[in-house]
Each structure stands twice: as structure tokens, then as C-alpha cells.
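Colleague: If you scroll down you'll find the structure; I have some questions about it.
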Amino acid sequence: MVAVVNSFLEELANLYLFVIRFFKEVFTPRYELSELAKQCFTIGYKSFPLVAITGFIMGLVLTIQSRPTMAEFGATSWLPAMVAVSIIREIGPVITALIFAGKVGSGIGAELASMKVTEQIDAMEVSGTNPYKYIVVTRVVAATLMLPLLVILGDAVGLYGAYVGVNIKGEVSWTLFWYNVFQKVVFSDVFPALVKTFFFGFSIAIISCYKGYSANSGTEGVGASANSSVVFGSLSIFVIDMLAVQITDLFFTP
Amino acid sequence: MSPTVVEITHLKKSFGSNNVLEDVSLSLVKGENLVILGKSGSGKSVLIKCLIGLLTADDGQINLFEKNIGELDETNLNVMRKRIGFLFQSAALYDSMTVRENLMFPLRELTDSSKQEKDNLVNEALTNVGLLEAIDKMPSELSGGMKKRIGLARALIMKPEILLYDEPTTGLDPITAKEISYLILAIQKKYEAAAIIITHDVECAKITANRIMIIKDGLVKAQGTYQELFQSQDDWVKSFFH
């Protein structure tokens, strides 16, 4: 038991040092802008189709599932607003971040672990270059910037899914749907939800980079890194979300 | 007399209760090829990883160009590393980059040369290892021998004063292994760099070595020229050469 606690605390301390190093490296030259652009393309653009499909289904299903309860209270006209608030405040950011952790987090964890076990990171180090800056900083910055964009796009597609869902058993025009949505969605729904996605993106990428960078030798280490990147990345989303909800409640709820 | 570029004294390194290096001392002068022979697991690779600062020694001192690397901070250690080329056992090519980008990477990160100068250096390094035609290939398209040559070209790109080879011929067929050994010899003549060659391939040692050191159980068992060790009366040393 003591050994398990020791190992957990040691892991936590190493992750802390890894994060501190990120903040030291990110503001000091040299800036790897071309690699950052490449990572933004890989992490952001290439994840969009998956996020869009998930967002559409999420909006559609949520609307269909909510209709019977809303109908019971004679409030089907509130359906667009209710679904929009749910998607924008909570479901959109969390589901998109979980998809992101599964796709991007596992990819980063496996790629870096593979580079570690095939001595590619050592090769960069012995040549006198800075592998942390080139590999870790670029991926973490790209993920931190790209996830909020993906969440905005995912929310938009999710709301389109909701529009389709509303019209399966009812008839709501395009204009009326958006009028209902913007009647209820306010700044305090959008802003905190968007801010927390920066933290989601950062935590997913830094955990994945840490797991990959500190991988053990062998193919088993690569698999373990990819796996633990997703597990701890996803867990971090819920922890950050819980804290974000408390903070939002403190500042934005009347 | 040529200046000493590497001086290791009483180096010790262990992993847990496993004492990999018990007490190793060596020196290397400019332009010399030192081959370190030993069985697998005898601590040869650990020795050069300590030398380049990838591993930290438990005890002892490592001087590179008369500077104790244990006293250098990361910035100064990186300055020192620019003067050293390292060929990994697996070649360790960056598999997301083409051959050109692999060679360009240290130049892009560490120098302010123009694109034309960098291109010339890449072409020169690839010509030296006879693989200019592979410049736009990905590492996955290369054979084991080609990867070693490209790894060597990348190690040479900064025109290092010391070259470290970790098992340069392991995993290669005898013909390619011999080609790599002669390439190491040609590079020594062309660049006049000192080299430490870690191997258990006696044929490679015969071709490349000015001096051979044999490591057993973390200690220096014997050293001398190939001829001297070949004629050794020690049974363990004899078992290596006969």
C-alpha cells in the first residue's frame, strides 16, 4: 500500500515538474512555428470530421430523447432553447473533449512513447537540440488552441442536429429555431464553457506528452502510454469540469 | 602529440543493485579510433550514454575537451554535444521526417546558415555515405544498412570532433557490416575526428580500431592493438578472437 502511494506521489511530482518545464520553455525562444502549424493542422483540422459526426448525433439524440418529457409538460416549444443551453454549457465541451482525448491524446501518447523507445528523443538530445520544445511545447500549444475551435464547430453542428431532431416530430422553421435558441442562450452560458475548453485541451495534451515522454522500453510501454493518456486525460476533463462548474456558479449565477 | 579529447576516470554506474560499470577509465586522443569490445550487457552502451550525458554516472569523472561534464549546466552541455556525433544502434532516424529533414533538423535548430549552405551540407553528408539518391525517402522505405548510413550522415552533419558509434554493425549482413566498418575508417581519415566504437563484432574492430579495450563485468579487462590482443594468452580474451 505504501509503495502504491509512494509511486502515485512520485508520478504526481514528475508531472508537476513536466508542467513547470512547459511554462519555462513556451515563452523562451526558439519558437517552433512551422511545427506548431503542422500540429494545429494534424490535431485540429484532422479531428473535425469525427467531432462533427459526434456533435450532430449528440444534438439529434438529445432532442429526440428530451421531447417526451417536454411534451408531458406542454413545453415542446422550449425544446430548441433547452437543447442549445445543454449543448453549449456542458455536453458539447465535455463530449468533444472526450472524443479529443480518445483521438488526439492516445495519438500523442503512442507517438511520443514510440519515439522514446526507438531512441529518437535521445537522438535529438545528443545532437544538442531541445526535444521538449520541439515535441512537447508544439503539441500542447496546438491542442490548447485547437480544442476550443473544435468545441465551437462541434456545438454548431450539434445545434444543427437538434434542428433536424426537432423537425422529425414537429415543424419548426430554421428562423424560429434560431430565434428560440438565442432567446435563451446568454453570455454566461457561452463564455465559461469556452474558457474551460482551453484547460481541457491543455490537460489532455500535457498528460499525453508526459505519458509518452516517460514511457518504458518496449512495445508494451507504447501501448501502456497510449492507454494511460486516454484514461488520465479523460479523468482530468471531469475534474476540471467539476471545478469550472463551481467557479461559474460563483461568478455567473445570480 | 595529439591532444586528449576524452578522459574518463574511475567511472561507476549501477541500476538498483546491478553494478553495470564498476571502475572504468579511458582516454582518447584526436583522430584516434578506440573500439570497446565486450559481451552483451557488459556496460558498453551505458559507458557512451554516460559520456554524452544521457545517463548520469554514480561516481568518477568524465572530461570532454578538458571540461568536466558533471559540472556543466544543460546549456553548456548542449554546446558540448554539438561537437559530438552519435550513431545509435537502431540509427534512431526521426520517422515522421524524410532523410533530408532528418539531416536538416540539427542544422535548422543549431545554426544560422542560409538554406543554400544547409542544402550543401546535407548533400555533402549524404555523398560521404553514398546515399544521395535517398534524400527524399522516408525512413520506413530504407533497409537496415541504409538507415545506419543515414544515421551516420546525420551524426556527421555538424562536422563533429568526436564520433560515438553504438553497435554500428549489429543486425546487418556480413557484407553490409564490412561496408559500414570501412565507411567508419574512411570517415576517420576524412574528418580526423576521434571515435569510440562500441561493438561485439571482432571483424569491425579489426577494420576500424587503432586501439581496442575489452570490458568484462564493468571493468577494463584488457587493452591494446588488435594484434596484441589477438596474441593474448588470457583465456577470456582469446575466446573473443578465436
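FYI, it's all coordinate maths here, none of it is from the lab. Please read these numbers as outputs of a predicted model, since none were measured by experiment. Note that each Cβ is placed from the backbone with ideal geometry, even for glycine, and that neighbours are counted across all protein chains shown.
Colleague: Taking only Cα atoms and a 10 Å spring cutoff, compute GNM fluctuations for chain B and point out the largest among B:GLN116, B:GLN231, B:GLN223.
Modeller: The residue that fluctuates most here is B:GLN116.
Colleague: Please list the equivalent ellipsoid semi-axes of the range B:100-160, computed as the square roots of five times the alpha-carbon gyration tensor eigenvalues, in descending order and whole angstrom.
Modeller: 19, 11, 10
Colleague: When each pair of different Cα atoms in the range A:124-254 is counted once in the 1/r mean, what is the Kirkwood radius in angstroms, to one decimal? Don't skip to the end; give the middle numbers.
Modeller: Values: mean 1/r = 0.0563 Å⁻¹.
After inverting the mean inverse Cα-Cα distance, the result is 17.8 Å.
Colleague: Then there's this: Å³ per residue of the Cα convex hull, for the range B:1-151? Could the numbers behind the result be given before it?
Modeller: Values: hull volume 23.5 nm³, N = 151.
Hull volume over Cα atoms, normalised by residue count, gives 156 Å³.
Colleague: What does the average come to when, for each residue of peptide B:54-66, you count the partner chain Cβ atoms lying within 10 Å of its Cβ? All intermediate terms of the calculation are to be shown ahead of the outcome.
Modeller: Numbers: counts 4, 0, 0, 0, 0, 0, 0, 0, 0, 0, 0, 0, 0.
Per residue, the number of nearby Cβ atoms from other chains is 0 on average.
Colleague: Please give the Cα centre distance for the range B:225-242 versus the range A:9-65, rounded to the nearest Å.
Modeller: If you average the Cα positions of each part, the centres end up 58 Å apart.
Colleague: Still on this model: What are the equivalent ellipsoid semi-axes of the protein assembly as shown, built from the alpha-carbon gyration tensor (square roots of five times its eigenvalues), in whole angstrom, biggest first?
Modeller: Numbers: eigenvalues 659, 107, 72 Å².
Result for the protein assembly as shown: semi-axes of 57, 23, 19 Å.
Colleague: Please report the relative contact order for the range A:32-252, taking Cα pairs under 8 Å with a sequence separation of at least 6, and give it as a percent rounded to a whole number.
Modeller: The normalised contact order for the range A:32-252 reaches 35 percent.
Colleague: Take B:MET80, A:MET1, B:MET213 and order them by how many other Cβ atoms sit within 10 Å, fewest up front.
Modeller: Neighbour counts put them in this order, fewest first: A:MET1, B:MET80, B:MET213.
Colleague: In addition: Wrap a convex hull around the Cα atoms of the range A:159-227, take a quarter of its surface area, and give that in square nanometres.
Modeller: Its average projected convex-hull area is 7.5 nm².
Colleague: Still on this structure, I have one more. Binning at 5 Å from 0, report for chain A what percent of all alpha-carbon pair distances ends up in each bin.
Modeller: Here the calculated profile for chain A is 1, 6, 12, 15, 16, 14, 11, 8, 6, 5, 3, 2, 0, 0.
Colleague: If the limit is 19 Å between Cα atoms, which of A:LYS46/A:LYS133; B:LYS49/B:LYS206; B:LYS147/B:LYS216; B:LYS30/B:LYS159; A:LYS133/A:LYS196; B:LYS118/B:LYS148 go over it? If you can, show how the numbers build up before the last one.
Modeller: On the way: A:LYS46/A:LYS133 23 Å; B:LYS49/B:LYS206 24 Å; B:LYS147/B:LYS216 30 Å; B:LYS30/B:LYS159 14 Å; A:LYS133/A:LYS196 25 Å; B:LYS118/B:LYS148 21 Å.
Going by Cα-Cα distance, A:LYS46/A:LYS133; B:LYS49/B:LYS206; B:LYS147/B:LYS216; A:LYS133/A:LYS196; B:LYS118/B:LYS148 fall outside the 19 Å limit.
Colleague: Under 19 Å from the Cα of B:LYS190, which aspartates and glutamates turn up, not counting those fewer than eight places away in the same chain?
Modeller: Partners found: B:GLU32, B:GLU124, B:GLU161, B:GLU179.
Colleague: Take the range A:81-152, compute every pairwise Cα distance, and split them into 10 Å bins from 0; I just need the percent in each bin.
Modeller: With 10 Å bins starting at 0, P(r) equals 18, 37, 24, 14, 6, 2.
Colleague: Any idea how far the Cα center of the range B:1-78 sits from the one of the range A:111-167, in Å?
Modeller: Cα centres, the range B:1-78 to the range A:111-167: 38 Å.
Colleague: Now for a different question. Normalised radius of gyration for the range B:126-242, please: alpha carbon Rg relative to 2.2 N^0.38 Å, two decimal places.
Modeller: Working it through for the range B:126-242, the quotient is 1.16.
Colleague: Could you give the nm distance between label points at A:VAL4 and B:GLN231, where each point is 7 Å from its Cα heading toward the beta carbon?
Modeller: 6.6 nm
Colleague: Can you give me the P(r) profile for the range A:5-79? Cα pairs, bins 5 angstrom wide beginning at 0, each as a whole percent.
Modeller: 3, 12, 9, 9, 9, 9, 11, 11, 9, 9, 7, 2, 0
Colleague: Follow-up. Based on DSSP H runs of at least 4 residues, each adding -39500 (n - 2.57), what is the mean residue ellipticity at 222 nm of chain B after dividing by all its residues, to the nearest 500 deg cm²/dmol?
Modeller: Using -39500 (n - 2.57) per qualifying helix, the result is -11000 deg cm²/dmol.
Colleague: Run through every distinct alpha carbon pair of the range B:1-75 and return the Kirkwood hydrodynamic radius in angstroms, one decimal place.
Modeller: Numbers: mean 1/r = 0.0770 Å⁻¹.
This gives a value of 13.0 Å.
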